[in-house]
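Peer 1: Provided herewith is a single structure, encoded as structure tokens, for subsequent inquiry.
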Amino acid sequence: MVEYYIPTWDEIEEDVFQIAEKIANEKFVPDVIIAILTGGVIPAKLFSDIFGIKTLRYIEIKFYRGVNKTDAKPVVKAVYVNDVENKKILIVDDVADSGETLEAVTNVIAMFNPSLIRTATIYVKPWSRKYPDYYSKIIDKWIIFPWDKWDVVRENKDAPVKNKERFLELHNSIKK
Ligand code: PRP
Ligand code: MG
């Protein structure tokens, strides 16, 4: 039986504020925010608006898996990054699970020779090999973020989320 953690938008908003407060208290002001596609995009947008940072960059990386299935390593698909040499970077994702994605992205971005790299995820799993510099909660369940729920439902029809019948009907009628 899979145990889920399903944060509401309000909870995520609060979590993002708490992380942003920690960052602000340390007087760390990033020059550039790098979002890890796709789950890191919405959190990165929230941080960029709180900090007033216009420069958002992206890295596409995928760790293919269902529940308890993973490839050996995440695969970097594309790197949409420029002008980060000697800049202070905040890398943002929604969650660090094994920590492999965050570690791989940090290694790739380090090659651009920034002056500083820090990392933030909303949640972290207790077993992660790399903890982000900033996070709000340690969660040991399968997290369903609002922006990821249909991806979860495609994998697991039993996921306890609202509107899934409507999603499945539409999705099944459209998909090739
Ligand atoms: C998920 C999640 C993190 C990563 C965490 O992304 O959004 O990026 O896995 O796992 P890890 O710490 O074990 O590497 P996924 O690869 O599923 O792609 P997505 O963001 O496009 O959903
Ligand atoms: Mg991701």
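Peer 1: What's the total number of residues in region 114-130 that are more than 10 Å from ligand 1 (Cβ to nearest atom) and surrounded by fewer than 22 Cβ atoms within 10 Å (Cβ to Cβ)?
Peer 2: Residues that pass the stated criteria total 6.
Peer 1: For region 86-113, how many residues meet the condition of being in contact with an Asp or Glu (Cβ under 8 Å, 6 or more places away or on another chain) and either surrounded by fewer than 20 Cβ atoms within 10 Å (Cβ to Cβ) or farther than 21 Å from F47 by Cα (or both)? If you could, list the steps in order and put the result at the bottom.
Peer 2: So in region 86-113, the residues in contact with an Asp or Glu (Cβ under 8 Å, 6 or more places away or on another chain) come out as 87-89, 94, 101-102, 105, 112-113.
Still in the running and either surrounded by fewer than 20 Cβ atoms within 10 Å (Cβ to Cβ) or farther than 21 Å from F47 by Cα (or both): 87-88, 112-113.
The total comes to 4.
Peer 1: Moving on to the next point. Return a yes/no flag: does region 85-104 have any residue that is assigned to a helix (DSSP H, G or I), of a type outside the set (D, E), within 22 Å of K137 (Cβ to Cβ) and not assigned by the TED database to the domain that holds A159.
Peer 2: There is at least one residue in region 85-104 that is assigned to a helix (DSSP H, G or I), of a type outside the set (D, E), within 22 Å of K137 (Cβ to Cβ) and not assigned by the TED database to the domain that holds A159.
Peer 1: Right, N107: part of a loop (DSSP other than H, G, I, E, B), closer than 30 Å to D31 by Cβ and at pLDDT 95 or above or not?
Peer 2: no
Peer 1: Another question, then. Would you check if there is a residue in region 48-71 being assigned to a loop (DSSP other than H, G, I, E, B), of a type in the set (A, V, I, L, M, F, W, C) and modelled with pLDDT under 95?
Peer 2: yes
Peer 1: Would a scan of region 51-59 turn up a residue that is crowded, with 17+ Cβ neighbours inside 10 Å, β-branched (V, I, T), touching a strand residue (DSSP E or B) at 6+ places or on another chain (Cβ under 9 Å) and within 24 Å of N107 (Cα to Cα)? Spell out how you get there, then give the answer.
Peer 2: Step one: of region 51-59, the residues crowded, with 17+ Cβ neighbours inside 10 Å are 57-59.
Cutting the leftovers down to β-branched (V, I, T) gives us 59.
Still in the running and touching a strand residue (DSSP E or B) at 6+ places or on another chain (Cβ under 9 Å): 59.
Keeping just the survivors that are within 24 Å of N107 (Cα to Cα) gives 59.
The answer is yes, given that some residue of region 51-59 is crowded, with 17+ Cβ neighbours inside 10 Å, β-branched (V, I, T), touching a strand residue (DSSP E or B) at 6+ places or on another chain (Cβ under 9 Å) and within 24 Å of N107 (Cα to Cα).
Peer 1: Related question: Residues A159, A120: which one is under 19 Å from K45 (Cβ atoms) and either more than 16 Å from the chain's Cα centre (by Cα) or not in a helix (DSSP H, G or I) (or both)?
Peer 2: Just one listed residue meets the conditions, A120.
Peer 1: Show the residue pairs that are 6+ apart or on different chains and have beta-carbon atoms under 9 Å apart, the first residue being within region 24-42 and in a helix (DSSP H, G or I), the second being within 11 Å of ligand 2 (Cβ to nearest atom) and among the β-branched types (V, I, T).
Peer 2: V41/V92
Peer 1: Still on this model: Take E165 and decide whether it is among the acidic types (D, E) and touching a residue at least 24 places away in the same chain (Cβ under 8 Å).
Peer 2: Here the answer is no, as E165 does not meet what is asked.
Peer 1: OK, next. K157 is checked against (1) without any contact (Cβ under 8 Å) to a residue 40 or more places away in the chain; (2) out of contact with any Leu (no Cβ under 9 Å at 6 or more places or on another chain) and fails just one. What number does that condition carry?
Peer 2: Condition not satisfied by K157: (2).
Peer 1: Is it the case that some residue within region 56-71 is touching a residue at least 12 places away in the same chain (Cβ under 8 Å), touching a Lys or Arg at 6+ places or on another chain (Cβ under 8 Å) and more than 10 Å from ligand 1 (Cβ to nearest atom)?
Peer 2: Yes - at least one qualifying residue is present in region 56-71.
Peer 1: Of (1) in a helix (DSSP H, G or I); (2) aliphatic (A, V, I, L, M); (3) modelled with pLDDT of 95 or more, V152 satisfies all except one. Which?
Peer 2: Among (1) in a helix (DSSP H, G or I); (2) aliphatic (A, V, I, L, M); (3) modelled with pLDDT of 95 or more, the lone unmet condition for V152 is (3).
Peer 1: For region 156-176, enumerate the residues that are in contact with a helix residue (DSSP H, G or I) (Cβ under 8 Å, 6 or more places away or on another chain) and closer than 19 Å to E3 by Cα.
Peer 2: Result: K157, A159, V161, K164.
The values are calculated or read from the model by the stated rules, or taken from the named source; none is laboratory data. No experiment lies behind these values; they were computed from the predicted model shown. Because the Cβ atoms are built from the backbone with ideal geometry, glycine has one as well, and the counts that use them run over all protein chains shown.
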